[in-house]
Amino acid sequence: MRPDPGGCCCSRRPVRANSCVANGEVRNGYVRSSAAAAAAAAGQVHHVTQNGGLYKRPFNEGFEETPMLVAVLTYVGYGVLTLFGYLRDFLRHWRIEKCHHATEREEQKDFVSLYQDFENFYTRNLYMRIRDNWNRPICSVPGARVDIMERQSHDYNWSFKYTGNVIKDVINMGSYNYLGFARNSGPCQEAAAKVLEEYGVGVCSTRQEIGNLDKHEELEKLVASFLGVEAAMAYGMGFATNSMNIPALVSKVRFSRLSGATIRVFKHNNMQSLEKLLKDAIVYGQPRTRRPWKKILILVEGIYSMEGSIVRLPEVIALKKKYKAYLYLDEAHSIGALGPTGRGVVDYFGLDPEDVDIMMGTFTKMRPPTASNNLPLCRPQALIDYLRTHSHSAVYAASLSPPVAEQIITAMKCIMGQDGTTLGKACFPWKVSWTQRRLKSMGFIIYGNEDSPVVPLMLYMPAKIGAFGREMLKRNIGVVVVGFPATPIIESRARFCLSAAHTREMLDTALKEIGEVGDLLHLKYSRRRSVPLLDRPFDEMTYEETED
């Protein structure tokens, strides 16, 4: 079954991991939700409706159940593909069929395998059938329209050859260009070019040595001012931001299993199970010694990029305060895309930034694309100073490129209105809700929150992943299709990312073509049974806790 990001307990596994790190140990849990309406005075954190309680605004988020026939046919499809996959592996083993995939040399047979057996099998026999839908090379700025290099494969997608042709003016529905800054001209590009002449491409040093520039200081002060926090720190890589800062916060050399931590994953966006985890952590303490945890760190995301759902931050903060935990909020997809002023999920819910201990976000979604630049944003100056000396990303990584820093500064000034223009006023919330309503009215199953710029359209069946991507490209629409392992194996989907750069005409064209492809591939599964998650009842029998 599928996880329910809005708060109900319908699933046994998460799509995106929400986690709870206790005393340097990761404590994750499963969540269940209820339609409880208890009084806050009783000290009970409860699930509220969209019109009262902890929420100051409507929170409309729902997930329609998969029709039984579709689920059965999806399993049958994977069963047939698996059967033929084993048959082809048998033929390859006896050299009846040519083996295209890489094989280990004899002297490497005893090395630890990089992938699990099933992942290897899936890559050889299922992924290769539809591999042409990913890693498509482009030869233009990834703006609202994009040019894609045409390629062909004569060995069933094991290798590709470029034809020399270019597919022009493809409507780009796949890039994280939420604010429409992805272009090759304008104030951001001019500012970056000027700084490039003055500072050069980069500084071959860490910020601890001679790599700390005035542009870095200016950027961090601007970010702190934008988000209303005390201090901020910029890094050059998103993965390093999370993987190297969390260990510094929980006093471990490596995060997750490498740190010896105990991992629990709570059901996606479900607060009742998170509360149960927090209670268990306090009551039972550490696994062997039963000593109390020194600190508990809750990790959540602002917008979940595979589900299109928004974290139920008011309830997370209420739980954090009740159990005296710390909160780490990953706003990679929400800063710049949510809230009246684009300040992310905190701004969206009208909350106090000081209630979030650490905020992390990315610049890639709110500025012209150059590299993956990220920042943890922290309220106390003391914590930032601590990370500057204890985070491996700060101590060992090369500092941010000056032109990139200037490009970000200029984009942020546009968003904040400090440049004297209205470039940052580009508003696209109406495009999000309007597009979702149109898709649902056509009969598609759409996941996520009505205010999320990430709109997943469910495909389910493995054969339809490749077919949808290819048919859309034939119609000059570029889309992202997603399957296992990025999603549960039977929940394949297409993911649309809406942008302020999309015009009404572009969206009309895209929706028309999506509707035609939906009819062609029979993708209109909806039975109009979507229920707002905050109003769903909680079923005690569906709760299950797992051990890693």
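The values are calculated or read from the model by the stated rules, or taken from the named source; none is laboratory data. Because the structure is predicted, anything quoted here is derived from the model rather than measured. Because the Cβ atoms are built from the backbone with ideal geometry, glycine has one as well, and the counts that use them run over all protein chains shown.
S153 satisfies every condition listed in (1) loosely packed, with under 15 Cβ neighbours inside 10 Å; (2) more than 17 Å from G469 (Cα to Cα); (3) of a type in the set (S, T, Y) except (2).
Quick grid of which residues meet (1) without any contact (Cβ under 8 Å) to a residue 12 or more places away in the chain; (2) part of a loop (DSSP other than H, G, I, E, B); (3) more than 21 Å from V404 (Cβ to Cβ):
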residue: G143; (1), (2), (3): no, yes, no
residue: V146; (1), (2), (3): no, no, yes
residue: R151; (1), (2), (3): no, no, yes
residue: G180; (1), (2), (3): no, yes, no
residue: K194; (1), (2), (3): no, no, no
residue: V201; (1), (2), (3): no, yes, no
residue: K215; (1), (2), (3): no, no, no
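Pairing residues of segment 442-458 that are on the phi > 0 side of the Ramachandran plot with residues that are of a type in the set (G, A, S), at Cβ distances under 8 Å and at least 6 apart in sequence or on separate chains, gives G443/G518; G443/S526; G448/G308; G448/S309. Within segment 228-240, residues that are charged (D, E, K, R) sit with their Cβ atoms under 8 Å from residues that are surrounded by fewer than 20 Cβ atoms within 10 Å (Cβ to Cβ) and in a loop (DSSP other than H, G, I, E, B), at 6+ positions apart or across chains, in these pairs: E230/P380.
Any residue at all in segment 237-254 that's over 30 Å from S401 (Cβ atoms), of a type in the set (F, W, Y) and modelled with pLDDT under 90? No, that holds for no residue.
Annotation note: Cβ proximity below 6 Å between a residue of segment 300-312 that is at positive phi and a residue that is not in a loop (DSSP other than H, G, I, E, B) (sequence gap 6+ or interchain) occurs for G308/V454; G308/V455; G308/P456.
Can you find a residue that is closer than 21 Å to I317 by Cβ, assigned to a loop (DSSP other than H, G, I, E, B) and at pLDDT below 90 anywhere in segment 276-288? Looking through segment 276-288, none of the residues is closer than 21 Å to I317 by Cβ, assigned to a loop (DSSP other than H, G, I, E, B) and at pLDDT below 90. Criterion first (at pLDDT 90 or above, over 25 Å from the mean Cα position of the chain (by Cα) and closer than 22 Å to M306 by Cβ) does V480 satisfy it? Criteria not met by V480. Inside segment 119-163, residues that are among the hydrophobic types (A, V, I, L, M, F, W, C) and within 22 Å of H100 (Cα to Cα) make up a count of 7. Kindly evaluate L338 against the criterion of being surrounded by fewer than 22 Cβ atoms within 10 Å (Cβ to Cβ), touching a residue at least 24 places away in the same chain (Cβ under 8 Å) and either assigned to a loop (DSSP other than H, G, I, E, B) or not charged (D, E, K, R) (or both). No; evaluated as a whole, the condition is false for this residue. In the condition set (1) more than 30 Å from D357 (Cα to Cα); (2) loosely packed, with under 13 Cβ neighbours inside 10 Å, D214 is compliant with all but (1).
Residues in segment 412-445 that are assigned to a loop (DSSP other than H, G, I, E, B) and at pLDDT 90 or above: G443, F444, I445.
From the list E198, E220, the lone residue that is crowded, with 16+ Cβ neighbours inside 10 Å, at pLDDT 90 or above and acidic (D, E) is E220. Residues in segment 478-504 that are over 14 Å from N133 (Cβ atoms) and among the hydrophobic types (A, V, I, L, M, F, W, C) were compared, and the one that is surrounded by the fewest Cβ atoms within 10 Å (Cβ to Cβ) is I489. Only one of (1) of a type in the set (S, T, N, Q); (2) farther than 23 Å from P137 by Cβ; (3) buried (at least 19 other Cβ atoms within 10 Å of the Cβ) is not met by T509, so which one is it? Only one criterion in (1) of a type in the set (S, T, N, Q); (2) farther than 23 Å from P137 by Cβ; (3) buried (at least 19 other Cβ atoms within 10 Å of the Cβ) is unmet by T509, namely (3).
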